[in-house]
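The values are calculated or read from the model by the stated rules, or taken from the named source; none is laboratory data. Just so we're clear, the structure is a prediction, and the values are computed from it rather than from any experiment. Glycine also receives a Cβ, built like all others from the backbone with ideal geometry; neighbour counts cover every protein chain displayed. Note: accessible area is taken over every heavy atom of the protein model, side chains too, but ligands, DNA and RNA are not part of it. Shrake-Rupley method; radii C 1.70, N 1.55, O 1.52, S 1.80 Å.
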Amino acid sequence: MAAAALDPVSYLRATPPFHALPQPLFDAAAASLEVGYYPAGSRLARVGGEPLAHLYVIRKGAVRLERDGQLLQVLEEGETFGYTSLITRKATIDVVVEDDLLAYRLPDAEFQRLLGDAQFASHFAVGLAERLKSSLEHSAITTFQADLSRQVGDLVRRTPVWIAADATVGDAARLMRAEGVSSVLLRADPPAIATDHDFRNRVLAEGLGPDTPLARIATSPLRTTPATAPIHEAWGLALDARVHHLPVTRGGDIVGVLTSGELLRASAQGPMAVLRGVERVSTRESLAGYGRRVAEMAGALLAGGLDAAAIAGFVARLNDALVHRILRFAEADLGEPPAPYAWLALGSEGRREQTLLTDQDNALVYADEGEARRAWYEVLAERVNADLELAGFPACPGGYMARRWVGPMAEWRGRFDGWLDAPGPQALLEAAIFFDYRRVAGRLDLAPLDAVIATAVDRPVLLRFLARAALGFRPPASLLLRLRGGSTTVDLKLQGIAAVVAVARCYGLELRTEARGTLERLEAARDAGILDGDAVAAAAEGFRFLNGLRLRLQLRAVAEGRPPSNEAALAALSAMERSRLKDALRAVKTLQDRAAFHFKTDF
Amino acid sequence: MLFSSPPWESAVYWSLDLETGGLDARRDAILAVGMLPVREGHLRLGEAYRTLVRPEQGKAVSPRSVQAHQLVAGDTRGAPALAEVLPELERRLRGAVLLVHHAPIELGFLKRAFRAAGLRWPAPPVVDTVKLLLRLDARERRRFPELPADPPVLNLSAARRRLGLPDYQAHDALTDAVATAELFLVLREALGARRLRELT
């Protein structure tokens, strides 16, 4: 018997860049090979601590590279780490074991010897440049390097598993076991999909047997994503459809099925991870911590290059999923609703423009037939408000919460009418919050409320008052924006963002558009020809910048344990950011000037 | 006595596997030895020792065992005799812990071989990964009494797979010693053992 290479040695030999080493050099290195096992949660290196003394090759399991709690990279089987430590002699990255890790490792001295091989060294030079760049950035938030614009097609690891249209559930289960997959596609017209979840929820839980035709429990039509879609779009799709398996198409063919786990791998702190967290909320006690996870996700997405508007879209979807969950808990305890209702998100949550969790703004409206059992809805509202507080949404200091704002449709219509008829200061404030409502859950038809809002345009006085209020948010003159003296801080919300939101709302009401988003409202005004394209483009650009800057500063505050605020200290910004901030505030001022003219606020 | 046992990683463990001509220590031959040390919680592949052994006169090699270890007479004919190999084992095991998967068989063969060669068996503390598997199984049963009472998985390859370790080619003495040592690291962690005493 020839002494065969040991499994760890042959594995190392097959792993780049070891595969290209000359045999004697490799053999010498392999003689120093060690094997270690590190359970999930172990911290192998800490920034500023002892640098790693070995080069590690992952054989099983996964490792997270982090800095300041921000994920840089997830490494898996066949990938190497430790070389930034070995080359720089510093620990610049936290190395944390994500999944129980079996690793092969080479001592420092052997690694240094191998660096004498030019090809071997060049392999690490590339990775090193990237990791150093990401680890030396000054801001914790900007270090997240996962490329969210990667295409989902890149994540597909294997071709899909198909089964004949007349297969049974038992056939499918056996095929899935043999192939080691968690879903199977049914070759029917149209094609359908069946998953592990379906076997649990639609077969076993329903008392069905293995002879059940698969077609009976499979789902069609398929929710698919093109292979060319960016990963974050696929996330959005999976979130909206609440599915865990997403077939990927290329040129009309299904080239693979992505699981939420695989999407998750693309970013361990992505929306899928938080969504799974929401779905795993099995009791009300486990709601706590949700807010922190959303903040982590927002940080990862921001650093991954998504703008604040796209991030807000994800946050809104997640918050909606959470409200659904909470309503299910409540209904399980309280019983069926006596009549249909709608749970409304108000303000920024209604416009889907909330990024970090801010105060709750919500309301409950129910069908008039439910009035006889008003108490049921009051208890429901109280429960949901309390649970949302538990999840990390602070109670609204102004009290715009369902526990107070609950009533039948007739009452709500009267209230909306009242704001329109008598636009005093309090009515204007409330109209601004309530007119941005969005239905999050419930089956009640809200057309009557939309009909009232649509009459706003017939009452020019109201629009004029609303526009005047919008001009009350005053951006500082850019001449006054100085590092020392003058205005050294800017309130990004009151001196910028809120002004754009309020102006856009006026245009939206005038146009009777159902769009709630600030940018959509501005675009509608441009398309209708009542606002010039340049002003819209500049204001939209400024709005995005202000929101992005605010989110970044807030996330930094959260990471450093300070309460997030809307204040931006000019000294804390780079020269480029200061200059963009001035541009943005100038665009806000221009937008206000246009609105002053259009809504005749001076009359 | 309670605190006299050393922290587990301060001990040196020699993971050892024998290929034999059968399961009967009195009758069957030792055909191969593979062993490697675990120092400070890490397997040292470079210090691995492996050798084939020339079967002694009168010792049997059953056809079934050949299927398993794939060693035929031609392979072991030129190998060193057991008498030359045993001092290599003795030197390594001195002051160390012997780590094996299913100790009774290996211990039977080793003790007998040492005695036959007129050598003193160094009597190292023994850690048996099968015993650790049984302990882990018993603990899980206590924690989850509602789970079905499947018999515990004790086969080396199957146990590794169950605990998330990669598949290695079985039945090469040194590979099995490596496989056993890795399994040991996982079981040590799973049992939360901090001291050698909790492992023997």
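For the cross-link pairs A:LYS60/B:LYS131; A:LYS90/A:LYS493; A:LYS60/B:LYS111; B:LYS59/B:LYS131, which exceed 32 Å when the distance is taken from alpha carbon to alpha carbon?
Working: A:LYS60/B:LYS131 25 Å; A:LYS90/A:LYS493 41 Å; A:LYS60/B:LYS111 37 Å; B:LYS59/B:LYS131 29 Å.
As for pairs spanning more than 32 Å Cα to Cα, those are A:LYS90/A:LYS493; A:LYS60/B:LYS111.
How big is the gap, in Å, between the Cα center of segment B:116-173 and the Cα center of segment B:76-104?
When both Cα centres are located, 21 Å separates them.
Compute for chains A and B the buried accessible surface, both sides summed, probe 1.4 Å, and express it in Å² to the nearest 100.
1900
Between A:ALA178 and A:THR488, how high is the FRET efficiency from 1/(1 + (r/R0)^6) when r is the Cβ-Cβ distance and R₀ = 56 Å? Nearest 0.05.
Using R0 = 56 Å, I get an efficiency of 0.25.
Using label points projected 7 Å from each Cα along Cα→Cβ, tell me how many nm separate A:ALA528 and A:ALA569, to one decimal.
4.4
Please give the length that would be gained between A:ARG474 and A:LYS60 if that part of the chain were fully extended, namely 0.36 nm times their separation in residues minus their C-alpha to C-alpha distance (nm, one decimal).
Length difference between fully extended and current span is 143.3 nm.
From other protein chains only, count the Cβ atoms within 10 Å of every residue's Cβ in A:28-41, then give the mean.
5
Could you compute how fast the protein assembly as shown diffuses translationally, taking Rh as the Kirkwood radius over C-alpha pairs and applying Stokes-Einstein at 10 °C with viscosity 1.306 mPa s? Give it in µm² per second.
Details: Rh = 31.5 Å.
D, rounded to a whole number, is 50 µm²/s.
Rounded to the nearest 500, what is the 222 nm mean residue ellipticity of chain A from helices alone, with -39500 (n - 2.57) per DSSP H run of 4+ residues and division by all residues? Mind dumping the intermediate values first?
Values: 22 runs with 271 residues, N = 603.
Taking each H run of at least 4 residues, the total per residue is -14000 deg cm²/dmol.
Could you work out how far helix B:173-191 tilts from the main Cα principal axis of chain B, as a 0 to 90 degree angle to the nearest 10?
Helix B:173-191 sits roughly 20 degrees off the main axis of chain B.
Can you work out the FRET efficiency for the pair A:GLU520 and A:ARG200, with r the C-beta to C-beta distance and R0 = 45 Å, to the nearest 0.05?
0.65
Can you check what the net charge comes to around A:TYR366, using other residues whose Cβ is under 12 Å from the Cβ of A:TYR366 (Lys, Arg +1; Asp, Glu -1)?
Summing Lys/Arg as +1 and Asp/Glu as -1 gives -3.
Binning every alpha carbon pair distance of segment B:9-193 at 10 Å from zero, what are the percents per bin?
Binned Cα distances yield the sequence 9, 36, 34, 16, 4, 0.
Starting with the highest mean, order A:583-590, B:33-40, A:83-90 by the number of other Cβ atoms within 10 Å, averaged over the residues of each peptide. Can you show the working numbers first?
On the way: A:583-590: 20.9, B:33-40: 22.4, A:83-90: 18.0.
Output ranking for A:583-590, B:33-40, A:83-90: B:33-40, A:583-590, A:83-90.
Given 10 °C and 1.306 mPa s, compute D for segment A:464-599 with the Stokes-Einstein relation, Rh being the Kirkwood radius over Cα pairs; round to the nearest whole µm²/s.
Here the translational diffusion coefficient equals 104 µm²/s.
Report in % the part of the accessible area of the protein assembly as shown that belongs to carbon and sulfur, leaving out ligands and nucleic acids; probe 1.4 Å.
52
Kindly rank A:379-391, A:185-197 from highest to lowest mean number of other beta carbons found within 10 Å of each residue.
Packing proxy ranking, top to bottom: A:379-391, A:185-197.
Can you give the Rg/Rh ratio of segment A:18-126, where Rg is from the C-alpha atoms and Rh is the Kirkwood radius?
Values: Rg = 13.6 Å, Rh = 14.1 Å.
That ratio equals 0.96.
Over the whole of B:43-49, what's the average partner chain Cβ count within 10 Å per residue? Rounded to a whole number, please.
Values: counts 9, 5, 11, 9, 3, 4, 0.
That average works out to 6.
Near A:LYS582, which aspartates and glutamates are there with a Cα under 20 Å away, not counting those fewer than 8 places off in the same chain?
A:ASP307, A:ASP491, A:ASP534, A:GLU541, A:GLU567, A:ASP593
Arranged from highest to lowest average of other beta-carbon atoms within 10 Å per residue, in what order do the peptides A:468-475, A:14-21 appear?
Highest-to-lowest ranking by the protection proxy: A:468-475, A:14-21.
Can you show me the helix-derived [θ] at 222 nm for chain B, built from DSSP H runs with n ≥ 4 at -39,500 (n - 2.57) apiece and divided by the number of residues, rounded to the nearest 500.
The per-residue figure over chain B is -12000 deg cm²/dmol.
Go through segment A:172-252 and name the GluC sites (Glu not before Pro) that are in a DSSP coil and have 16 or fewer other Cβ atoms within 10 Å of their Cβ. All intermediate terms of the calculation are to be shown ahead of the outcome.
Values: sites: A:GLU179, A:GLU206, A:GLU233; in loops: A:GLU206.
Taking segment A:172-252 and a limit of 16 other Cβ atoms within 10 Å, the loop GluC sites (Glu not before Pro) found are A:GLU206.
Could you check the spin-label model distance between B:LEU134 and A:ASP368? Points 7 Å from the Cα along Cα→Cβ, value in nm.
7.8
Could you list the GluC sites (Glu not before Pro) in segment A:519-562 that lie in coil according to DSSP, counting only those with at most 12 other Cβ atoms within 10 Å of their Cβ?
Passing sites in segment A:519-562 are A:GLU560.
If we count every other residue with Cβ under 15 angstrom of A:GLY529's Cβ, Lys/Arg +1 and Asp/Glu -1, where does the sum land?
So the surrounding residues net to -2.
Take peptide A:5-14, look around each residue's Cβ out to 10 angstrom, count Cβ atoms belonging to other protein chains, and average those counts. Walk me through the numbers before you get to the answer.
Details: counts 1, 14, 9, 7, 3, 1, 2, 1, 0, 0.
Mean shielding count: 4.
With label points built 7 Å along Cα→Cβ from the Cα atoms of B:GLU84 and A:GLU560, find their separation and express it in nm.
About 7.2 nm separates the two model spin labels.
Let me understand segment A:271-458 better: what is its radius of gyration from the alpha carbons, and its Dmax, in angstrom?
16.8, 51
Give me the net charge of B:LEU191's neighbourhood, meaning all other residues with Cβ under 12 Å from the Cβ of B:LEU191; Lys, Arg count +1, Asp, Glu -1.
That sum, taken over residues with Cβ under 12 Å, equals +2.
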